[in-house]
Amino acid sequence: MQTIELLYVVFSVTLATAGLSMVGLAVRAYNRTSRRAMFHLSIGFTLIVAAALATTVSAFATRFEQTRMLLSVNYLITTVGYLFVIYSTSFRFA
């Protein structure tokens, strides 16, 4: 494994760890408060982490040959995740 590939894996694992920590905090807040905003926040972080992990696994599975497709799918899923995060923090819920 080349140095750049190792760094890619390390950064992906770091992102996944931080993201899953935030998912756990959002789920715990939702369980305690039943606020829909926390539910949407946890969905957003879950999608962001899933996109990062799926892209890393797919990149190694395809030997980095379909990078345009991988990045396009990553950006799509990540964008949807960020939309959930924005939605959860921008609107008041009853």
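The values are calculated or read from the model by the stated rules, or taken from the named source; none is laboratory data. These figures come from a predicted structure and were not determined experimentally. Note that each Cβ is placed from the backbone with ideal geometry, even for glycine, and that neighbours are counted across all protein chains shown.
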Filtering the stretch 45-82 down to residues that are more than 28 Å from residue 28 (Cα to Cα), hydroxyl-bearing (Ser, Thr, Tyr) and part of a helix (DSSP H, G or I) yields 58, 67, 72
Would you please name the residue that is modelled with the lowest pLDDT, looking only at residues in the stretch 20-44 that are charged (D, E, K, R) and assigned to a helix (DSSP H, G or I)?
36
May I ask you to list pairs of residues, at least six apart or on different chains, whose Cβ atoms are under 7 Å apart, with the first in the stretch 31-52 being surrounded by fewer than 16 Cβ atoms within 10 Å (Cβ to Cβ) and the second being at pLDDT below 95 and not in a helix (DSSP H, G or I)?
35/93; 36/93
